[in-house]
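The values are calculated or read from the model by the stated rules, or taken from the named source; none is laboratory data. As the structure is a prediction and not an experimental result, all values here were calculated from the model. Here the Cβ positions follow ideal geometry from the backbone for every residue, glycine too, while neighbour counts run over all protein chains shown.
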Protein chains: 2
Amino acid sequence: MIIDNNIPDKDACADSLKHVLDALYVLGGKWKLPVILSLVQSSKRFNEIQYALSGISPKVLAQELKDLELNEFITRQVYPTTPVTIVYEATEYSHTLKNVLRELSAWGEQHREKIRSSLKTK
Amino acid sequence: MIIDNNIPDKDACADSLKHVLDALYVLGGKWKLPVILSLVQSSKRFNEIQYALSGISPKVLAQELKDLELNEFITRQVYPTTPVTIVYEATEYSHTLKNVLRELSAWGEQHREKIRSSLKTK
DNA sequence: GTGCCGACTTACCTAAAGGAAAGTACTTAC
DNA sequence: GTAAGTACTTTCCTTTAGGTAAGTCGGCAC
């Protein structure tokens, strides 16, 4: 019987790594998080998002919105006014990112500080 | 006097977003986390890492290692044996990622499950 | 001195992300 | 009918991450 002590948590780590990479795949790219956060703050129409996130092109924004809708972070509401009003809003599911974002933000902040001060002393 | 109630947490969110993007910038890319995690499990030499992460090319690995060293996730130890042995090892700082990785992994896992089951019912 | 090992570099290539500019489809205002 | 607004789409281009293959450099083995 062969038992390698390293294997148990190695496998667990490999699984965990997959999940992490899954998460980063969904959240990755230049605009995913900015769009989500902008819509969490308030629902917006296409041009309003473009204005709020200065720099994003309509092509890229349209892509991102489709992708975020597929992943159920946002919904696309069509109101039959004249002319039709199309409003994007963040879903409840966007809020499941809270813990992730809190940790990432905290870590990112201390990391910037760490690198900044370690550059100074060199 | 003009006070816009939305501004206070808008600014906080914008700062927070910057930190999150900082963090993702450091951790992003195809190989950063795999390399870190591989070295956390055990220190390794160049060719050993390449073998452990099947698929990474020497060029990309060298790049990643330099980058990770700059960010102080790993150290490059040169042992004056004959021939010289060069060992990469994870620093204590790598462990500051624990919370981040825990949250990302948990979220990634439930997200995969969510998408999988929402595709099934459609 | 020729060849091999380890730890990389270098030069070149490809694919995917993202950006710029223009166009389209619909509607309402004049 | 012409102009203007909204919500995109299309085409084309640039940048960048990453990959492949080959080469380099120093030390030792023979």
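Checking the stated criteria, A:Val35 turns out to be within 16 Å of DNA strand C (Cβ to nearest atom), out of contact with any Cys (no Cβ under 7 Å at 6 or more places or on another chain) and under 25 Å from B:Trp107 (Cβ atoms). Scanning region A:21-55 for residues that are crowded, with 19+ Cβ neighbours inside 10 Å and over 13 Å from the mean Cα position of the chain (by Cα) yields A:Lys44, A:Ile49. Kindly indicate whether A:Ile49 is of a type outside the set (S, T, N, Q) and outside any helix (DSSP H, G or I). For A:Ile49, the condition - of a type outside the set (S, T, N, Q) and outside any helix (DSSP H, G or I) - is not met. Here region B:77-86 is the region considered, the condition is being polar (S, T, N, Q) and not in a strand (DSSP E or B), and the residue that is modelled with the highest pLDDT is B:Thr81.
Which is at pLDDT 95 or above and either closer than 27 Å to B:Val26 by Cα or in a helix (DSSP H, G or I) (or both), of A:Lys66, A:Lys10? Break it down into steps so the answer makes sense when it comes.
Working: A:Lys10 fails: at pLDDT 95 or above.
Result of the check over A:Lys66, A:Lys10: A:Lys66.
Looking for whichever is more than 12 Å from every other protein chain (Cβ to nearest Cβ) and either within 14 Å of DNA strand D (Cβ to nearest atom) or without any contact (Cβ under 8 Å) to a residue 24 or more places away in the chain (or both) here; the options are B:Lys44, B:Lys59, B:Lys30. Which one fits? First the steps, then the outcome.
On the way: B:Lys44 fails: either within 14 Å of DNA strand D (Cβ to nearest atom) or without any contact (Cβ under 8 Å) to a residue 24 or more places away in the chain (or both); B:Lys30 fails: more than 12 Å from every other protein chain (Cβ to nearest Cβ).
Selected residue: B:Lys59, the only one of B:Lys44, B:Lys59, B:Lys30 that is more than 12 Å from every other protein chain (Cβ to nearest Cβ) and either within 14 Å of DNA strand D (Cβ to nearest atom) or without any contact (Cβ under 8 Å) to a residue 24 or more places away in the chain (or both).
Considering region A:47-56, the residues that are among the small types (Gly, Ala, Ser) and more than 12 Å from chain B (Cβ to nearest Cβ) include one that is nearest to DNA strand C (Cβ to nearest atom), namely A:Gly55. Hey, does region A:69-76 have a residue that's β-branched (Val, Ile, Thr), more than 15 Å from B:Cys13 (Cα to Cα) and either in a strand (DSSP E or B) or away from DNA strand D (no atom under 11 Å from the Cβ) (or both)? Yes, because at least one residue in region A:69-76 is β-branched (Val, Ile, Thr), more than 15 Å from B:Cys13 (Cα to Cα) and either in a strand (DSSP E or B) or away from DNA strand D (no atom under 11 Å from the Cβ) (or both).
Matching residues to (1) assigned to a helix (DSSP H, G or I); (2) out of contact with any Ser or Thr (no Cβ under 7 Å at 6 or more places or on another chain); (3) at the interface with chain A (Cβ under 8 Å from one of its Cβ atoms):
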{"position": "B:Tyr88", "(1), (2), (3)": "no, no, no"}
{"position": "B:Lys98", "(1), (2), (3)": "yes, yes, no"}
{"position": "B:Gln110", "(1), (2), (3)": "yes, yes, yes"}
{"position": "B:Arg116", "(1), (2), (3)": "yes, yes, no"}
{"position": "B:Leu119", "(1), (2), (3)": "yes, yes, no"}
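Note on region B:69-109: among residues that are within 12 Å of DNA strand C (Cβ to nearest atom) and aliphatic (A, V, I, L, M), the one that is nearest to A:Leu17 (Cα to Cα) is B:Ile74.
Figure legend. Inter-residue proximity from region A:80-95: first residues closer than 14 Å to A:Leu37 by Cβ, second residues of a type in the set (Phe, Trp, Tyr) and within 10 Å of DNA strand D (Cβ to nearest atom), beta-carbon distance below 9 Å, spacing 6+ or different chains. Indicated pairs: A:Tyr88/A:Phe46.
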